[in-house]
Amino acid sequence: MKPLELEYRYFLEIMGGLAERHGAGNYVAIKGHDVLGVYSSYEEAAQAVYQEHEIGTILLQRIEDSIEAMTVYLHTPRIASSV
């Protein structure tokens, strides 16, 4: 399993409930299946969580009300090259 994959999967499971209780746009800190806290900004979350936990062991994720809100679509124009 990749680093923080467990935490991210758990986040996806609880994302709807987090959005209902805390509102989209806030940040959640997750370790394993434990929600360590919900914060109004990434900076606030990082400052609170990394005092007690090592960087890279906690998922800090923005709460959205849907997967679609987390999706970014990128379009890269085709660049012609002469060979």
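With contacts defined as alpha carbon pairs under 8 Å and 6 or more residues apart, what's the relative contact order of the chain in percent?
Rounded, it is 34 percent for the chain.
Of 73, 39, 50, which has the largest mean-square fluctuation in a 10 Å C-alpha GNM of the chain?
Taking springs between Cα atoms under 10 Å, the residue moving most is 73.
So what's the back-of-envelope 222 nm ellipticity for the chain, counting only DSSP H runs of four-plus at -39500 (n - 2.57) apiece and dividing by all residues, rounded to 500?
Result for the chain: -10500 deg cm²/dmol, rounded to the nearest 500.
Tell me the net charge near residue 7. Cut-off is 15 Å between Cβ atoms, residue 7 excluded, with +1 for each Lys or Arg and -1 for each Asp or Glu.
Summing Lys/Arg as +1 and Asp/Glu as -1 gives 0.
Please give the length that would be gained between residue 62 and residue 38 if that part of the chain were fully extended, namely 0.36 nm times their separation in residues minus their C-alpha to C-alpha distance (nm, one decimal).
7.7 nm
For a quick check, take a GNM of the chain with Cα springs below 10 Å and name the residue from 29, 48, 69 with the largest mean-square fluctuation.
Of 29, 48, 69, the Gaussian network model singles out 69 as fluctuating most.
Taken together, the values in this text are just the output of simple stated rules run on the coordinates, not laboratory data. What you are looking at is a predicted structure, and each value in this text was computed from that prediction instead of being measured. In this analysis, Cβ positions are derived from the backbone assuming ideal geometry, glycine residues included, and neighbour counts consider all displayed protein chains.
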